[in-house]
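Worksheet for the structure shown next.
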Amino acid sequence: METHQGISALLVCESCAGHREQDNSGDFSKKLVKFVFILGLLAVVASVPLAPKAFAQAHSTISCPSGHGYWDVLSVMMMDPELASNYHMEGITNGLPSAYIYTRWDEAQSKIYYTKNPQGNPWDINLYDSSYVYQWVTELGEWDGVNHWNDPKSCKKFNNGGQNSRSDLSMRWAARCAVPGGENSSFWNPPAAQPVNTTYFTYVDGDQQGSSRNLDWSLMELKAPGTISITDHRAYPPKSFSITTLPLDYTYSCSVAGNANSCHFREVFEYGLDTNVNPIDRVKHTYGWVRWRYYVNSTNGNPKVAANWVLKNTSTTDHLMLGQVSPRFECF
């Protein structure tokens, strides 16, 4: 990347010098000045490194089998680490921040943190192994009439109840290698089978609340790619452009396996990436989670009637902004 960036800068300057040469083709002294000017640029390009942000790019997390068109799904689900070390995605409404997603990859612990505010409270924490990404921890909303949305000591944790080292790797989220809308893109999670299920435990103020519960059946689907416009605030003025999205449909509380009409709720998570290079630094990035939507099936999950998904809530984080936080996780 350094080589290409240096060549690009040099070619631009040579083009500018060429115009000056055409304007002053009869003036030998000015040609000499131009020659010295280019030599000076060569020295600058050779001696001054590019800004660190120019090297940030999509980060490979796994080597997928060839010949299938597989995507490295975990890579798309997170902002590439070099970019994420200093930046995050943010929603802006009427000129003011309305939503945040700070992404942090803890490679040593095989965790991805999605932090939802500058105070450091996680929205979700995902785990992964060589086969799948797993939902592990998610926020707790209302419990016994109290809203815990902004409480780092309260959460829900998926765990199959098996009391072993892999018990937290139970709520499959997506295959590590998959073709969106194609091979490896969808599967059902059962309510209570071992080792994969939708069983979870609730924690309030750090204490487990009663026994486990489950979400009945859940359906996970990586859909065909879409697009969204984001705004990069590393430029001045900020620059907007289109990126590709990888949508993940999470459909749950389903009473009948294999029948999505029997499901009550759906959340759509969209993860963003550059199909073409980012126009600011001319490399390809992944941006992680950029939009979330929540739907309710108006048929109340009647398996004999076509589902009617009604949008109830949405959150969009489509501005790349300076700033990073450390996750504040104190739930258990």
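Any read-out appearing in this document is the output of simple, stated calculations on the displayed coordinates, not a laboratory observation. It should be emphasised that the depicted structure is a prediction, and the values quoted were computed from it without experimental measurement. Cβ sites come from the backbone with ideal geometry, for glycine too, and all protein chains shown count toward neighbours.
Structure notes:
- Environment charge of residue 260, counting only residues whose C-beta is closer than 14 Å and scoring Lys/Arg +1, Asp/Glu -1: -1
- Treating r as the C-beta distance of residue 212 and residue 257 and R0 as 22 Å, the FRET efficiency rounds to 0.65.
- Length gained on full extension, residue 94 to residue 326: 80.8 nm, using 0.36 nm per residue less the C-alpha separation.
- Radius 12 Å from Cβ of residue 286, net charge of other residues (Lys, Arg +1; Asp, Glu -1): -3
- Set of aspartates and glutamates with alpha-carbon distance to residue 153 below 16 Å, sequence-local pairs under 8 removed: 124, 139, 142, 144, 205, 207, 330
- Pairs from 116/156; 284/312; 157/304; 156/304 whose Cα-Cα separation, in the structure shown, is over 22 Å: 284/312; 157/304; 156/304
- Close amide-amide hydrogen proximity is noted between residue 214 and 200, each under 5 Å apart and 5 or more residues distant or on a separate chain (H modeled in the peptide plane; Pro and chain starts excluded).
- Inter-label distance for residue 194 and residue 311, nm, one decimal - labels placed 7 Å from Cα along Cα-to-Cβ: 4.4
- Ranked by how many other beta carbons lie within 10 Å on average, peptides 301-307, 257-263 from highest: 257-263, 301-307
- Ordering of 150-157, 288-295 by packing is 288-295, 150-157, highest average first (other Cβ atoms within 10 Å, averaged per residue).
- Exposure proxy ranking for 254, 177, based on other Cβ atoms within 10 angstrom of each Cβ and starting from the fewest, stands as 177, 254.
- Pair residue 231, residue 205: separation of 7 Å Cα→Cβ label points (nm): 4.2
- Computed E for residue 304/residue 183 - FRET, C-beta separation, R0 41 angstrom, nearest 0.05: 0.85
- Using a Förster distance of 22 Å, the FRET efficiency for residue 68-residue 284 (Cβ separation, nearest 0.05): 0.60
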